[in-house]
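The values are calculated or read from the model by the stated rules, or taken from the named source; none is laboratory data. These numbers come from a predicted model, not from an experiment. Because the Cβ atoms are built from the backbone with ideal geometry, glycine has one as well, and the counts that use them run over all protein chains shown. Accessible surface is based on the protein model in full, side chains and every heavy atom, while ligands, DNA and RNA are left aside. Shrake-Rupley method; radii C 1.70, N 1.55, O 1.52, S 1.80 Å.
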Amino acid sequence: MYTQALDIHPQLATPLVATEDAHKQTHFEETINHEGKIEPRDWMPAHYRKTLVRQISQHAHSEIVGMLPEGNWISRAPSLKRKAILIAKVQDEAGHGLYLYSAAETLGTSRDQMLEALHTGRAKYSSIFNYPTLTWADVGVIGWLVDGAAIMNQIPLCRCSYGPYARAMVRICKEESFHQRQGFESLMVMMQGTPEQQAMVQDAVNRWWWKCLAMFGPPDSDSPNSEQSKRWGIKRISNDDLRQSFIDATVPQAKVLGVSLPDPDLKWNEERQHHDYGAIDWDEFWATVNGKGPCNKERLATRVKAWEDGAWVREAALVHANKQKARQSKEAA
Ligand code: BYC
């Protein structure tokens, strides 16, 4: 009896397993093709899971590292109103990080693992946060352009095939939209101010413009992950198409603001019904992504210090949770 039940010849066992896997694979693909959502309980290919952990954790890291360039200006905001807005914005970014770490955790990776990857420099985060914020105008430009680029990239992620990521993105996009508007409004006020204030805004735009275009990632021809991610409904629109939409949307906004964009090749192309634009410095982008940007070391050191300084909070929370558990089981006994 036992031998019959357990001792299955591998050649007999394999087709059974393969059939089961094929069913799961078919169900997965049908869900994706019918624009359904994949949920944490569902079967998914290992590579789909890995891609999501990669993208969502990088996105989470970008949110919390993204708090740093603007956070530097909280103590130097020019008025109580601007300080309150900036505190709220930076706090929102922390919240986005938390939703995203939680979404990534549903894929079976722990937050400690993800943070360890960030702290040891193994994990990527957005290139844009490795540049310094030199003046108050940089804070406005980050809101207008960096958050503007982020929204352009993130709206399609609300339709991502992985449910927890898509749902997190809905809330994040609503908050990013407020961030973008506050940045634009703050720049508008400065542009109606003194010539020095106007020059400060123009200087910030000149320094951030090209970095924002690179935020969308390498050109489609050099984007190794795009094709598969699009097939799986993780990515809906390509890096180059999003970049183009961002440029087309931003040019008229720059006109309203009264600033120029630092690209002599930027002009409307009637035939394409899009703006043409100049060459992005991809060498500089890759150097920054690979740790050689102006602030990479400083950003990582700040995150590592925050993690170490927070050790006592994590320990206290753990002791408290254990005490509560012990009390509950004593009461139940
Ligand atoms: N910086 O094959 P590709 C925010 C990497 S937070 C660094 O096109 P994919 C905000 C890419 O990871 C903004 N690395 O990749 C927060 C890949 O390397 P790996 C963050 C970049 O994943 C606070 C390699 O290049 N937003 O908005 O198909 C305040 C090849 O690229 C970058 C997100 O994370 C970059 N810019 O597409 C204010 C959105 N670009 O992983 C604002 C979610 C590319 O193979 N992420 N790389 O080693 C995405 O939409 C996609 O992951 C990307 C890249 C479009 C970024």
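A Cβ-based charge dipole, computed about the Cα centre of the stretch 67-202 with Lys and Arg at +1 and Asp and Glu at -1, lands at about 200 debye. Using +1 at the C-beta of Lys and Arg and -1 at the C-beta of Asp and Glu, which of M200, I151, P164 has the Cα lying farthest in the positive direction of the dipole of the stretch 132-214? Checking the options against the dipole of the stretch 132-214, the answer is P164. Split the chain at each of the trypsin sites (Lys or Arg not before Pro) in a DSSP loop with at most 11 other beta carbon atoms within 10 Å, and the longest piece is 123-271. Between T106, T250, T26, the Gaussian network model of the chain with springs among Cα atoms under 10 angstrom shows the greatest mean-square fluctuation at T26. Over the stretch 79-167, Cα pairs under 8 Å with separation of 6+ residues give a relative contact order of 24 percent.
Note on K267: lysines with a C-alpha under 16 Å away, same-chain residues under 8 apart excluded, are K255. A simple spin-label model places the labels of A199 and K292 3.4 nm from each other, with each point 7 Å out along Cα-to-Cβ.
Roll a 1.4 angstrom probe over the protein heavy atoms and tell me the percent of accessible area of the stretch 175-302 that is carbon or sulfur. Of the solvent-accessible surface of the stretch 175-302, carbon and sulfur hold 53 percent. Counted by Cβ distance under 12 Å from D138, the other residues give a net charge of +1, where Lys and Arg count +1 and Asp and Glu count -1. Overall, the anisotropy analysis places the chain in the oblate class: the square-rooted eigenvalues a ≥ b ≥ c of its C-alpha gyration tensor yield a/c not less than 1.5, with a/b not exceeding b/c. Rounded to the nearest 10 degrees, the angle from helix 311-332 to the longest Cα principal axis of the chain is 40 degrees. Rounded to the nearest 20 debye, the dipole size of the chain about its Cα centre is 1220 debye, using +1 on the Cβ of Lys and Arg and -1 on the Cβ of Asp and Glu. Think of the chain as a dipole: +1 on every Lys or Arg Cβ, -1 on every Asp or Glu Cβ, centred on the Cα centre; then among H47, I87, G36, I87 lies furthest on the positive end. In the chain, taking the dipole from charged Cβ atoms about the Cα centre, the farthest positive-side position among Y101, M191, G140 is held by Y101. Is the shape of the stretch 50-179 best called rounded, prolate or oblate, per the rule: a/c under 1.5 gives rounded, else a/b larger than b/c gives prolate, else oblate, with a ≥ b ≥ c the square roots of the Cα gyration tensor eigenvalues? Prolate, because a/c is 1.5 or more and a/b exceeds b/c.
Given +1 at the Cβ of Lys and Arg, -1 at the Cβ of Asp and Glu and no other charges, the dipole of the stretch 3-160 around its Cα centre is 720 debye to the nearest 20. In this structure the chain gives 54 Å² per residue of accessible area when probed at 1.4 Å with all protein chains present. Qualifying chymotrypsin sites (Phe, Trp or Tyr not before Pro) in the stretch 41-142, where qualification requires a DSSP coil assignment and no more than 15 other C-beta atoms within 10 Å, comprise W43.
For the stretch 194-333, what does the alpha-carbon gyration tensor say about shape, rounded, prolate or oblate, given a ≥ b ≥ c as the root eigenvalues, a/c under 1.5 as rounded, and a/b over b/c as prolate? In terms of gyration-tensor shape, prolate. For K124, the aspartates and glutamates whose Cα comes closer than 18 Å to its Cα, not counting residues fewer than 8 places off in the same chain, are E63, E93, E105, D112, E116, D222, D283, E284, E298.
Placing R0 at 30 angstrom, the Cβ-Cβ distance between Q113 and K305 gives a FRET efficiency of 0.90 after rounding to 0.05.
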